[in-house]
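The values are calculated or read from the model by the stated rules, or taken from the named source; none is laboratory data. Source: prediction; values computed, not measured. Please note: Cβ atoms are built from the backbone with ideal geometry, for glycine as well, and neighbour counts cover all protein chains shown.
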Amino acid sequence: MSVTGLDAGVEKVTATPRRLRLSPLQWVGVGLGAVLVLSILRVVTGANDVDSSGLLIAAFGLAVPIALAGLGGLWSERAGVVNIGLEGMMILGTWGAGFLGYHLGPWWGLVGAVIGGAVGGLIHAIATVTFGVDHIVSGVALNIVALGFAKYLSVRFFSTLPGGGPTQSPPLEELPTISIPGLSDALGELEQKHIFFISDLAGVLRAFCTNVSVVTILAVLLFIATAYILWRSTFGLRLRSVGESPVAAESLGVNVLRYKFLAVLVSGGLAGLGGGFLALVAANVFRDGQTGGRGYIGLAAMIFGNWRPGGLMAGSVLFGYTDAAQLRGGGTTVHAFLLLLAVLLIGIGIWQIVRKGRVVQGVIALVVGVIVGAWYALTDIVPPELSSTLPYVTTLLVLAFASQRLRMPAADGQIYRKGEGH
Amino acid sequence: MSTFSPRKLLLAVAAPVLALVVAFLVTSAILLLLGDPVVEVWQTILSWPKPRQLVQIVNGATVYYLSAVAVAVGFRMNLFNIGVDGQYRVAVFAGAAFAGQAWFPGPLNVLLTIVVAMVAGGLWASIAAYLKVRRGISEVISTIMLNAIATGVVQWLLLKVAVKQQGSNSISTKPIPESSQLDGLGLIPGATNKVYTLILLAVLVGALYWFVINKTRFGFDLRATGRSESAAVASGVKVPRMVVTTMIASGALAGLIGMPLLFGQDHSYGTTFQAGLGFAGIGIALLGRNHPLGIAAAALLWSFLDVQSNALQIRAGVASEVVFIIQGVILFAVVIAYELIRRADVRLEQQRVARELAATRSDASTPEGATA
Amino acid sequence: MVGRDVLRPGPTNHPPGLLSGPGRGVVAITAAPARPDGTSDAHPAVQLEGITKRFPGVVANKDIGFSVARGTVHAIVGENGAGKSTLMKILYGVQRPDEGSISIDGRVVDLHSPADAIAAGIGMVFQHFQLADNFTVLENVVLGAEKLHGIGDAARREITRISDEYGLDVDPDALVDDLGVGARQRIEILKVLYRGAKIIILDEPTAVLVPQEVDELFDNLRELKSEGLTVLFISHKLDEVLSVADSITVIRRGTTVDTVDPSSVNARQLAELMVGAELPTPQTEESTVTDRVVLRIEDIVLAGAGAGRNVLDGISLTIHAGEVLGIAGVEGNGQAELVEVIMGMREPTSGLVFLGDTDISDWRTREIREAGVAYIPEDRQRHALLLEAPLWENRILGHQTEEPNVRGFIINSAGAKADTERIVKEYDVRTPSINVKAGSLSGGNQQKLIVGREMSHQPKVLVAAHPTRGVDVGAQSSIWDIIRQARRDGLAVLLISADLEELIGLSDTIEVILRGRLTGTFDPDTVTAEDLGAAMTGAAANPEETR
């Protein structure tokens, strides 16, 4: 698929693709499979942090901003408005969280985050929906503008505050986290025993019930609410129709522009909330540049999830995991991933050649896989500068392999003017 | 490009002028809201620059111009190369490392470094091109990811070849020798500093951009693809190949961005090298509507605002970063104004055509309504 | 019986005696059938008086007036560009009239939007269906009317009820993307019935249907009529209109000519009302077909996505110099893909294409066009024009490697401009200058420019897909003349069209395509619409496969 206008001759899926709709039970199976793979990796490489609960807690934590940004992207694109400006909305969210969070407390910080993001959404909505500017142009412009605004507002309002500076706010109060004490400790002990698979599973389960931020819970609730609203309510039907066929929707009396506008506002608010998480929970401070491209990764997670909340969540967890891995484990954990990547690439390469007959692509995959494997074997650690790129490399790899079977809303990116259909 | 007519000229100028007026008003409103001294801010910004500052403005504009042209090449084809930022950093690192080695004498070194930088930028861009053409990944996302990856990769490579700069804690590549440093041109009278020699490069790039896009077959194909991909395909354009060529060209041009700074000012690439030039280029390309002269005007404006805002802290008591607000509002106002004017232009022409045809043939059958 | 929907403009000429004058004429309606609820229709279901609508530079509707009795099928006929569409948009609330009034059941109504029209009991089925492909039938039907029966099981039951009552055969949970054209139209009808429409407007409903589907549609309409609903039906296909309508209003040049009783007119008279002129007789030309094979297609197979059936399943064709080969078929049976394969825009799974003796199967579009294959695409706005570029740049499009557009790799704008002036003159492209944007021209003039451009490079083959779609009658006639001239000049012409009249009038041979296969070869001089329609839908028991 392509977010922009050019399709570049990529083979499009013309018939209905096999929709990957897994039942909840099947998702659990996928999850268990992932844990299995990780435990094997842990045992083989000795990098114990690979699926430690500490890492996973951080992973779920870092997944939240990505997931919220992606959820924002989902609302917007389901209404047919491409939102590249998620990063900018997130940035405004981090600032809003810092500002209100400092002056009025962390809960108000969340409100500030949503407002900040919504302001970004408002600008994008006015430009694209009211004035019909190209969606990508507006989104890119918004990112530039939001970055600049946040820089200035930061200098203007934070430099004189105690503990603050031109590029960061003073430290912010924490929001509460939730743990289930008994279970958490018991699982912790089990984890320390390093039994193959059982300990890993314990680690995973421990991450679900330890130090879970209220914002994480809020995010999960928002996901459930989105799934319900968009797919089981009148409002959601109309919103989605606007993204699938605005002409049909308008002919049936749906106010297309109003739904688009609303969707983009909600999109901004959600992305802003993601920024709020970064400022209030992940770092307890607003810092210039703390979004680090997560708005775009959220967009990638949305694409990976085929514009549905379930897949989006899975994608976010994946990306959050890589984010946490490089932040915490640094060199050794990332180094272990090299082995995993090498094995995957070699496997894909063989499959491409044998099952699909695509020799050139298969050979490329094989060669790259071997190179990565050699890299693993010849080094002990991946230098921190390179391991910092892990989330972005993963995003590219995931998109490269998932892109082909996706189906975006039919009128996504279309600039719509009232009365256009006739 | 249609014929030169008063109406066309008026419309072309109307959008930016309208936008600037709106931007002025909106920015003032924002400043008021934030409690900043509006009048002093505008006084500082709109004051006539001293000769020294004029040179800074021209130099800044030179770099911005190169960045914007690199982006504009892609924009004309509906290809959004947001990765200019990463491409130029990879390129200037490669160039600086090469130039520092001084394997070749003075002027030849300069020339070859430019080639190295273009190749490096083009190669980095080709990754995104491959991903788009082969795997269908939007270049918007892939180039942004590559920007972040470039940061890490360049940082790592820099550590490998690093040389400590005298008198500071920052590291950089080996400084280029005196013989390769370009002193600059004394174009502005009364200024102690000089305009980058490589402004000539920028002018050359601009001329080439104009020529290739408007006068060659390749440029026609490029513009056709940007206007209507389906029509371009039916007309024989091989779109995947165009995407690759254009992305690589855009990346190669991005590679030039750091050259004036490298040869005329910093003489090496390090952690303090100017960042964010890629994103500024995107804004300027949008402002200049991807037109070689428009971009020049926009680059000068952007640079003007940059330089003038330096004095804001002292003269108005406002942080110089407020210029970001001004630039941001201008960008949005212009983008919206362009869209409105473009629409009005299309509508006006349709009406004019219908009128003229109805007048010349009295019993013409009723036209089939709007054809778009 | 082949309808005469193809007419050349000429001097105005009303045969006397048939009419009582222009404007609001005598309404001759068959006696309205008794309605189920037993009440008499004191007021007509729809009455229009003095409807006028102006756009910049053109008066689309002028003083239109007629009445429609409840429980009847009332047809509105007129040629392309007569103003029918605008009138229907006014009736559906999409446009507001500048003057005049609309009365529904005797009450004057002011329609500001489709919602108002729906509230007044009017439902519209557009010519171009307004359906979201990725939605189910249920979702498409309830959209905008969720208050009526919700969006869950109650809605599902109601849809099934309506479907059963009117014989529409619709599955609420089917995905629209999977459905064919006839089924989609029935969903559109169901949409309006779901909203309680009592007056249903159909805009050119048979444009995309094959004769057998047309009969099914008309049965549905009679069913609706018998239930007391009123049907307004826009068309330019006179024989169909005569077979199903109870009353016919003729519109010409934006105004009502007359309203007539179908039992008192025949197709010729109706046609004369529509254009106010004499009808042409079909031309019988000398055959110009030679022995020299110019385009040969051998056994082209194009696999479908996934494990689905082949889009093209062993197509073989031969076209000689001086021959027009027409391909008939309902849209979506592979014609578009066949054209793409020939033009090098799509790679077939297997099979060969020969231009003369040269194998061009592997050639890309540019090379094929340079070798002398002219192409008039089906969708000119998407494939043949750059709407925002001036005419002279559009002249270059498709031929940007050939003289006079280029010199080497530089664009020769002077040469292109001069040649564009020539094309504008020779092909009667009506435009104030060659610098206007292509999007400002009318459909017919755009198409004339495209045809002129394509014929300007000494082509050997002309691939014309629906060349007169959306084109006014004058331009249509010009384009047919050009195709006939090309035939005389020895070109091989591949003509793809949904207009049976066009196919029969221009072709030397007609092939029918169905589900990616050629299912019948016909001689235009002896074929009938029924035979063609049967081959196009596979309904014939013994499809001719003589070659």
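Looking at this structure, is B:Ala337 under 23 Å from B:Tyr209 (Cβ atoms) and either in contact with a Leu (Cβ under 9 Å, 6 or more places away or on another chain) or surrounded by fewer than 18 Cβ atoms within 10 Å (Cβ to Cβ) (or both)? Taking the combined requirement at face value, the residue does not satisfy it. Mind checking whether some residue in segment C:392-412 is in contact with a Ser or Thr (Cβ under 7 Å, 6 or more places away or on another chain) and on the phi > 0 side of the Ramachandran plot? Scanning segment C:392-412, I find at least one residue that is in contact with a Ser or Thr (Cβ under 7 Å, 6 or more places away or on another chain) and on the phi > 0 side of the Ramachandran plot, so the answer is yes. If we keep just the residues of segment A:363-401 that are surrounded by fewer than 20 Cβ atoms within 10 Å (Cβ to Cβ) and among the small types (Gly, Ala, Ser), which is farthest from A:Val242 (Cα to Cα)? Top of the filtered list is A:Ala377.
Taking every residue in segment A:162-186 that is over 18 Å from A:Phe208 (Cα atoms) and pairing it with any residue that is charged (D, E, K, R) and surrounded by 14 or more Cβ atoms within 10 Å (Cβ to Cβ), at least 6 positions away or on another chain, the pairs with Cβ-Cβ distances below 8 Å are A:Thr167/A:Lys151; A:Thr167/A:Arg287; A:Thr167/A:Asp288; A:Gln168/A:Arg287; A:Gln168/A:Asp288; A:Ser169/A:Arg287.
Being within 19 Å of B:Ala97 (Cβ to Cβ) and touching a residue at least 24 places away in the same chain (Cβ under 8 Å) is the filter here; which residues of segment B:126-154 pass it? Correct list: B:Ile149, B:Ala150, B:Thr151, B:Val153, B:Val154. Hey, does segment B:120-130 have a residue that's within 17 Å of B:Met259 (Cβ to Cβ), surrounded by fewer than 19 Cβ atoms within 10 Å (Cβ to Cβ) and hydrophobic (A, V, I, L, M, F, W, C)? Yes; the residues of segment B:120-130 include at least one that is within 17 Å of B:Met259 (Cβ to Cβ), surrounded by fewer than 19 Cβ atoms within 10 Å (Cβ to Cβ) and hydrophobic (A, V, I, L, M, F, W, C). Among the criteria (1) within 12 Å of chain B (Cβ to nearest Cβ); (2) not in a helix (DSSP H, G or I), the one C:Ala464 does not fulfil is (1). Of the residues making up segment B:96-125, those that are touching a Gly at 6+ places or on another chain (Cβ under 7 Å) and among the small types (Gly, Ala, Ser) number 5. Evaluation of B:Thr272 against the conditions (1) more than 12 Å from chain A (Cβ to nearest Cβ); (2) crowded, with 18+ Cβ neighbours inside 10 Å; (3) not in a helix (DSSP H, G or I) shows that the sole unmet condition is (2). Within segment C:87-106, restricting attention to residues that are within 14 Å of chain B (Cβ to nearest Cβ) and in contact (Cβ under 8 Å) with a residue 40 or more places away in the chain, which residue is surrounded by the fewest Cβ atoms within 10 Å (Cβ to Cβ)? Filtering first and then ranking leaves C:Gln95.
In the set A:Ser199, A:Ser213, which member is among the small types (Gly, Ala, Ser), farther than 24 Å from A:Arg258 by Cα and out of contact with any Ser or Thr (no Cβ under 7 Å at 6 or more places or on another chain)? It would help to see each step written out before you state the result.
Values: A:Ser213 fails: out of contact with any Ser or Thr (no Cβ under 7 Å at 6 or more places or on another chain).
Within the list A:Ser199, A:Ser213, the selection yields A:Ser199.
Only one of the listed residues (B:Ile257, B:Ile176) is assigned to a loop (DSSP other than H, G, I, E, B), more than 25 Å from C:Thr401 (Cβ to Cβ) and either within 14 Å of chain C (Cβ to nearest Cβ) or modelled with pLDDT of 90 or more (or both). That residue is B:Ile257.
Please go through segment C:107-130 and pick out each residue that is more than 10 Å from every other protein chain (Cβ to nearest Cβ), outside any loop (DSSP other than H, G, I, E, B) and of a type outside the set (Lys, Arg). So that I can check it myself, show each step before the final result.
Here is the first cut: in segment C:107-130, the ones more than 10 Å from every other protein chain (Cβ to nearest Cβ) are C:107-112, C:120-123, C:125, C:127.
Next, from what is left, pick out any that are outside any loop (DSSP other than H, G, I, E, B): C:107-109, C:122-123, C:125.
Correct list: C:Val108, C:Val109, C:Ile122, C:Gly123, C:Val125.
Candidates in segment B:226-235 are the residues that are at the interface with another protein chain (Cβ under 7 Å from one of its Cβ atoms) and assigned to a helix (DSSP H, G or I); of these, the one that is farthest from A:Asp134 (Cα to Cα) is B:Ala234.
Does at least one position in segment C:366-385 carry a residue that is within 10 Å of chain B (Cβ to nearest Cβ), touching a Ser or Thr at 6+ places or on another chain (Cβ under 9 Å), surrounded by fewer than 24 Cβ atoms within 10 Å (Cβ to Cβ) and among the acidic types (Asp, Glu)? Taking every residue of segment C:366-385 in turn, at least one turns out to be within 10 Å of chain B (Cβ to nearest Cβ), touching a Ser or Thr at 6+ places or on another chain (Cβ under 9 Å), surrounded by fewer than 24 Cβ atoms within 10 Å (Cβ to Cβ) and among the acidic types (Asp, Glu). Of the candidates C:Asp171, C:Asp177, the single residue that is within 23 Å of A:Glu250 (Cβ to Cβ), surrounded by 13 or more Cβ atoms within 10 Å (Cβ to Cβ), touching a residue at least 24 places away in the same chain (Cβ under 8 Å) and charged (D, E, K, R) is C:Asp177.
Take the conditions outside the structural domain of B:Gly264 (by TED's automatic domain parsing) and not in a helix (DSSP H, G or I) and apply them to B:Trp103. Does it pass?
Working: outside the structural domain of B:Gly264 (by TED's automatic domain parsing): no; not in a helix (DSSP H, G or I): yes.
Spelling it out, it is not the case that B:Trp103 is outside the structural domain of B:Gly264 (by TED's automatic domain parsing) and not in a helix (DSSP H, G or I).
Restricting A:Val256, A:Val220, A:Val247 to those that are among the β-branched types (Val, Ile, Thr) and facing chain C (nearest Cβ under 7 Å) reduces the list to A:Val247. Per the conditions (1) touching a residue at least 40 places away in the same chain (Cβ under 8 Å); (2) charged (D, E, K, R); (3) more than 8 Å from chain A (Cβ to nearest Cβ), the sole criterion not satisfied by C:Asp133 is (3). Looking at segment A:187-216, which of its residues are touching a helix residue (DSSP H, G or I) at 6+ places or on another chain (Cβ under 8 Å), closer than 19 Å to A:Asn48 by Cβ and either without any contact (Cβ under 8 Å) to a residue 60 or more places away in the chain or small (Gly, Ala, Ser) (or both)? Across segment A:187-216, the qualifying residues are A:Gly188, A:Leu190, A:Gln192, A:Lys193, A:Ile198, A:Ser199, A:Ala202, A:Gly203, A:Leu205, A:Ala207. Looking only at segment C:435-449, which residues are within 11 Å of chain B (Cβ to nearest Cβ) and either touching a Gly at 6+ places or on another chain (Cβ under 7 Å) or crowded, with 24+ Cβ neighbours inside 10 Å (or both)? Correct list: C:Ala438, C:Ser440, C:Leu441, C:Ser442, C:Gly443, C:Gly444, C:Asn445, C:Gln446, C:Gln447.
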